[in-house]
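Notes follow the structure.
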Protein chains: 6
Amino acid sequence: MIRVTKRVEFCAAHRYANPRWSDEENRQRFGKAANLHGHNYVLEVTIQGTPAPDTGMVMDLKALKDLIADAVLERLDHKNLNVDVPALAGRLPTPENLAVVIWGLLAPRLPAGGLYRVRLHADDRSYVDYYGEVCRP
Amino acid sequence: MIRVTKRVEFCAAHRYANPRWSDEENRQRFGKAANLHGHNYVLEVTIQGTPAPDTGMVMDLKALKDLIADAVLERLDHKNLNVDVPALAGRLPTPENLAVVIWGLLAPRLPAGGLYRVRLHADDRSYVDYYGEVCRP
Amino acid sequence: MIRVTKRVEFCAAHRYANPRWSDEENRQRFGKAANLHGHNYVLEVTIQGTPAPDTGMVMDLKALKDLIADAVLERLDHKNLNVDVPALAGRLPTPENLAVVIWGLLAPRLPAGGLYRVRLHADDRSYVDYYGEVCRP
Amino acid sequence: MIRVTKRVEFCAAHRYANPRWSDEENRQRFGKAANLHGHNYVLEVTIQGTPAPDTGMVMDLKALKDLIADAVLERLDHKNLNVDVPALAGRLPTPENLAVVIWGLLAPRLPAGGLYRVRLHADDRSYVDYYGEVCRP
Amino acid sequence: MIRVTKRVEFCAAHRYANPRWSDEENRQRFGKAANLHGHNYVLEVTIQGTPAPDTGMVMDLKALKDLIADAVLERLDHKNLNVDVPALAGRLPTPENLAVVIWGLLAPRLPAGGLYRVRLHADDRSYVDYYGEVCRP
Amino acid sequence: MIRVTKRVEFCAAHRYANPRWSDEENRQRFGKAANLHGHNYVLEVTIQGTPAPDTGMVMDLKALKDLIADAVLERLDHKNLNVDVPALAGRLPTPENLAVVIWGLLAPRLPAGGLYRVRLHADDRSYVDYYGEVCRP
């Protein structure tokens with residue numbers, strides 16, 4: 001069993017604003033993040049499996065990159081995450097919620113058990129990890 | 001003469017859209033960048049001077065950081081660059097135009113000749129340099 | 001369950017010197033590291049939990065940053081680790097020992113089970129990971 | 001139990017070409033990677049153990065670096081991976097296969113259970129992880 | 001006048017071997033670099049000009065990226081620099097010689113005076129800069 | 001004319017304390033930096049010249065690395081900059097003063113005009129550049 005991680009980048013706009021709260025409450029709770037702003041996100045997708053004897057690869061990295069582009073970047077890159085992403089409707093566009101959404105976009109298009117981890121960096125100072133609904137020790 | 005560079009980060013939203021063009025023209029010219037999106041910008045400000053004998057510093061880095069925060073980040077960080085920045089009115093929020101705006105915000109608050117270069121990275125793959133209206137060889 | 005990692009930096013001085021050994025023995029064992037020197041440390045703190053429905057966050061990153069500043073950086077940043085840190089008394093200020101100390105400073109101030117990992121980089125070529133007294137597979 | 005990771009770099013040439021396939025088949029399957037080319041590899045070796053009370057170290061980083069140099073870099077650095085590495089004979093020089101080979105070179109020279117993970121980056125956009133024949137959750 | 005830098009990556013194989021010297025002499029002079037090996041190169045191309053009023057850009061970064069891909073990467077990416085690059089015939093494939101070759105590939109396809117600098121990193125520890133045949137102070 | 005830059009790292013301890021000022025004055029002026037602490041420094045040395053026809057190199061990078069190790073690192077690496085460095089006597093160990101000292105250690109051991117720039121990073125957020133006593137535009 002080997003794990004293979006592919007790293008891609010995308011950029012998007014968002015703001016933190018709970019629609020059930022007033023502007024004032026959102027500003028108190030989220031500070032400057034209640035303003036519309038944006039990020040260069042770095043997404044790391046980790047898959048796992050056994051290398052094929054003919055190619056020595058768990059999955060061709062070019063195919064994995066194309067899959068991420070088609071399943072994820074097409075929906076998130078150069079978007080306003082508060083408006084343009086149906087899968088986020090009703091949820092704040094935090095890295096945590098984005099990671100769960102990205103997992104949901106990728107897992108059905110990979111072999112069962114093939115997706116191991118979604119890691120999302122919103123900047124150089126923080127990142128989140130999601131492993132699906134299993135509980136990794 | 002020594003040059004000292006301070007690096008800071010900010011994030012903002014923007015889109016490329018010339019208001020004299022139709023949506024269709026903007027999309028043809030700018031592609032995905034015509035959508036609202038955003039970036040983590042990295043700003044490098046370079047000053048120059050002679051170290052003070054008492055401190056061995058051209059300028060205290062904490063003072064330079066505070067000056068950048070007050071003069072630049074206060075106006076650009078967590079903003080929508082198409083809407084919230086008067087100094088950009090009538091100009092597209094490209095790194096080139098941003099660098100000129102940032103120069104204009106910093107130069108008057110530094111000694112004459114003290115600001116050497118403004119470098120702005122919109123992502124890890126590109127950056128722009130502005131040296132004011134002098135022509136550096 | 002989602003894991004969230006916050007990265008911060010601090011700098012400190014230290015030397016490797018076992019007080020039960022002679023200077024000569026310390027030099028033989030630790031080489032140049034027996035001299036007083038210093039590092040820019042990069043600390044990554046990983047917490048885990050379920051995002052709150054109202055905010056989409058496991059923990060506000062600003063609150064996590066403030067907690068790390070108050071619990072850890074206040075004690076380690078701009079310090080001489082051989083002299084200024086009571087929690088290290090009697091132990092060499094290696095990354096391994098520092099990671100255990102940092103865990104002890106953070107864990108009591110987070111929900112039970114909320115602290116997952118302390119990662120400490122002393123330079124770009126090495127880092128240590130500590131998961132508390134549990135044994136992660 | 002603490003984990004300690006040491007990062008080293010090496011560079012090597014390789015091409016992807018299954019000797020049972022024609023040049024044409026290799027080109028169709030592997031694209032440009034069927035040409036001879038090369039990489040700067042970044043190798044991260046993670047060991048685990050309990051810090052020694054006298055030194056506060058799981059293993060001296062200098063000793064770990066020397067072990068990696070002797071066991072791994074001596075065989076892979078500045079080599080043509082398709083020709084010069086007996087342990088890769090009959091296998092394509094993919095990161096997956098390289099990680100397994102590197103594990104095999106290091107594990108016998110460390111205490112039982114002491115080697116935790118081999119991570120290999122072929123570029124800044126991807127990496128593979130190998131944990132030996134155990135199955136990490 | 002603003003300078004705009006675009007960063008791209010490519011990978012290639014090479015060895016240092018002066019064909020007028022014996023294998024033994026090449027090995028004495030170049031050490032391990034006389035073996036076939038390879039690198040991930042990072043190329044930074046800097047152009048200069050005045051932003052167009054309509055777009056706020058010196059040159060569209062996508063157009064610059066496409067130009068670099070067509071003029072440079074097509075000839076160098078996934079190649080054996082000792083064999084596959086006519087422009088290097090008779091010269092060792094050092095970063096210095098590569099930078100001059102890259103300048104020659106790009107300058108004729110940009111406006112006169114538009115190309116300012118070619119910077120080439122062969123690894124994270126070194127880079128070369130070439131400014132054409134002018135002498136920058 | 002080509003410029004070649006070599007990057008090396010070293011680590012050292014220091015504190016900012018003007019011996020003509022009281023402890024209280026030093027603390028007021030320098031804040032936490034008046035405490036003994038330390039850094040991982042990154043030093044970039046840029047030389048310039050014409051590549052030799054036989055080797056395609058301005059200077060062998062291994063020879064440049066060895067020169068920096070012998071002339072600079074031997075004096076600064078794993079040192080207490082306030083105590084162990086005669087060339088800094090009477091001056092605060094700021095990056096500005098260090099860059100001038102490093103220039104003085106390197107320039108006499110390179111061909112006249114061969115040393116172009118000394119760049120010193122004390123952390124990821126700042127760096128200084130020194131070009132000797134010439135005034136670069």
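Before we move on, is residue D:13 over 23 Å from residue D:124 (Cα atoms) and not in a loop (DSSP other than H, G, I, E, B)? Here the answer is no, as residue D:13 does not meet what is asked. When residues in region F:11-49 are screened for being within 30 Å of residue E:19 (Cα to Cα) and open to solvent by less than 30 Å² (accessible area, probe 1.4 Å), 3 of them pass. Within region E:50-69, the set of residues being over 13 Å from the mean Cα position of the chain (by Cα) and over 14 Å from residue B:29 (Cβ atoms) comprises E:50, E:51, E:58, E:64, E:65, E:66, E:67. With respect to the stated conditions, residue A:47 fails to be part of a helix (DSSP H, G or I) and under 21 Å from the mean Cα position of the chain (by Cα). All conditions in (1) under 14 Å from the mean Cα position of the chain (by Cα); (2) open to solvent by 30 Å² or more (accessible area, probe 1.4 Å) hold for residue D:1, with the sole exception of (1). Taking the criterion of being open to solvent by 50 Å² or more (accessible area, probe 1.4 Å) and assigned to a strand (DSSP E or B), no residue of region C:85-122 qualifies. Residues of region A:21-34 include none that is within 14 Å of chain B (Cβ to nearest Cβ), in a strand (DSSP E or B) and among the aromatic types (Phe, Trp, Tyr). Would you confirm, using the coordinates I've provided, whether residue D:76 is among the hydrophobic types (A, V, I, L, M, F, W, C) and closer than 29 Å to residue C:96 by Cβ? It is true that residue D:76 is among the hydrophobic types (A, V, I, L, M, F, W, C) and closer than 29 Å to residue C:96 by Cβ. The set of residues from region D:73-84 being in a loop (DSSP other than H, G, I, E, B), under 13 Å from the mean Cα position of the chain (by Cα) and charged (D, E, K, R) comprises just one member, D:77. Evaluating residue A:99 against the criteria (1) more than 10 Å from every other protein chain (Cβ to nearest Cβ); (2) closer than 14 Å to residue A:46 by Cβ; (3) among the small types (Gly, Ala, Ser) leaves one unmet condition, (1). Quick check on region F:99-110. Is at least one of its residues of a type in the set (Phe, Trp, Tyr) and touching a residue at least 40 places away in the same chain (Cβ under 8 Å)? No, region F:99-110 contains no residue that is of a type in the set (Phe, Trp, Tyr) and touching a residue at least 40 places away in the same chain (Cβ under 8 Å). Here the condition is being out of contact with any helix residue (DSSP H, G or I) (no Cβ under 6 Å at 6 or more places or on another chain) and aliphatic (A, V, I, L, M); of A:73, A:115, A:106, it holds for A:73 alone. Does residue B:8 fit the bill of being under 14 Å from the mean Cα position of the chain (by Cα), facing chain A (nearest Cβ under 10 Å), touching a residue at least 24 places away in the same chain (Cβ under 8 Å) and surrounded by fewer than 20 Cβ atoms within 10 Å (Cβ to Cβ)? For residue B:8, the condition - under 14 Å from the mean Cα position of the chain (by Cα), facing chain A (nearest Cβ under 10 Å), touching a residue at least 24 places away in the same chain (Cβ under 8 Å) and surrounded by fewer than 20 Cβ atoms within 10 Å (Cβ to Cβ) - is not met.
Of the conditions (1) out of contact with any Leu (no Cβ under 8 Å at 6 or more places or on another chain); (2) within 14 Å of chain B (Cβ to nearest Cβ); (3) not in a loop (DSSP other than H, G, I, E, B), residue E:135 clears all except one; give me its number. Answer for residue E:135: the failing condition is (3).
Of all residues in region E:50-72, those being open to solvent by less than 70 Å² (accessible area, probe 1.4 Å), within 14 Å of chain B (Cβ to nearest Cβ) and outside any loop (DSSP other than H, G, I, E, B) number 6. Here the condition is being more than 15 Å from the chain's Cα centre (by Cα) and within 29 Å of residue C:45 (Cα to Cα); of A:104, A:113, it holds for A:113 alone.
The values are calculated or read from the model by the stated rules, or taken from the named source; none is laboratory data. Because the structure is a prediction, the values reported are computed rather than measured. Cβ: placed from backbone, ideal geometry, glycine included. Neighbour counts: every protein chain shown. To get the accessible areas, we keep the full protein, side chains included, count just its heavy atoms, and leave off ligands, DNA and RNA. Shrake-Rupley method; radii C 1.70, N 1.55, O 1.52, S 1.80 Å.
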